[in-house]
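What follows is a set of notes on a single structure, which appears directly below.
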Amino acid sequence: MDRPHIDTFLPMVFAALKELRKNPGVDPNRIGVMGFPMGGGITMRAAIEDNRKAWMGNEKGFAVHAAFYPVSKPLIPIIEHGRGMTGAPIIILYGTEDSYGEGKAVPELKQMLKKKFNFDVTTVEYPGAMHDFNRNTAPMTYSDPGAIGGKAFIKWDPDAANDSITKVVAFLTQNLAAK
């Protein structure tokens, strides 16, 4: 309950993009953003056109977005009632048994984006995987009002973890390759 609201981080992620573009060793047109849980939510919020416009003006946003289990349910109404997405490619990796509801929310988000904005998001579903499936720690239950029933559960899934690395690297390579 003591963490800042997720939107607090939006100016920071866009400021980081602006700073990276100033670096002569970085191709300003091939900068992506990737995040895990809350960072995944920030990654997704950075892909929303209204947010890009608010923080970047006429500058382009990120070239690609990779979100691991980004707690998608709260995003659906925000995106649905806005101008849509920036158009940059997005991949979402999630488990069907995620205690934040990703098993239902991600397919719902994907369907809404396609129907309302004709935008295709790449999703990778891991049947039976839990929240934080790629965190190699002991299983843990904790209270979180954002989780289903206020109880979150995380559990490492080595198969999903290893596959997710392969999938996200391939996605980023494909979408950030020099053109």
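Observations on the model:
- Listed peptides 82-92, 143-153, 61-71, 39-49 by packing density, highest first (mean Cβ within 10 Å): 61-71, 39-49, 82-92, 143-153
- Each part gets one Cα centre, and for segment 67-130 versus segment 4-26 those centres are 22 Å apart.
- Near Tyr126, the amide H atoms lying under 5 Å from its own belong to Tyr94, Gly95, Thr96; only residues 5 or more places off or on other chains count, and H is placed 1.01 Å from N.
- Computed from phi, the 3J(HN,Hα) profile of segment 4-12 under the Karplus parametrisation 6.51, -1.76, 1.60 (θ = phi - 60°) reads x, 4, 4, 5, 4, 8, 4, x, 5 Hz, with x in place of Gly and Pro.
- Assigned charges on the beta-carbon of Lys, Arg, Asp, Glu; the chain dipole about Cα centre (debye): 600
- For Met85, the residues whose amide H sits under 5 Å from its own are Glu49, ignoring neighbours fewer than 5 places away on the same chain, with H placed 1.01 Å from N.
- Residue (of His131, Ala152, Val33) at the positive-pole extreme of the chain, dipole from beta-carbon charges: Val33
- Value at 222 nm in deg cm²/dmol, rounded to 500, when DSSP H runs of n ≥ 4 in the chain each add -39,500 (n - 2.57): -12500 deg cm²/dmol
- Cross-link pairs Lys22/Lys60; Lys73/Lys110; Lys18/Lys167; Lys53/Lys104; Lys73/Lys116; Lys53/Lys116 - those with Cα-Cα distance over 22 Å: Lys18/Lys167; Lys53/Lys104
- By the equivalent-ellipsoid construction on the alpha carbon gyration tensor, segment 89-179 comes out with semi-axes of 25, 19, 9 Å, ordered largest to smallest.
- Mean projected area in nm² (Cα convex hull; one quarter of hull surface) for the chain: 10.7
Bear in mind these aren't lab numbers, they're just calculated from the coordinates by the rules spelled out. It should be emphasised that the depicted structure is a prediction, and the values quoted were computed from it without experimental measurement. Positions of Cβ are generated from backbone atoms using ideal geometry, with glycine treated the same way; all protein chains shown enter the neighbour counts.
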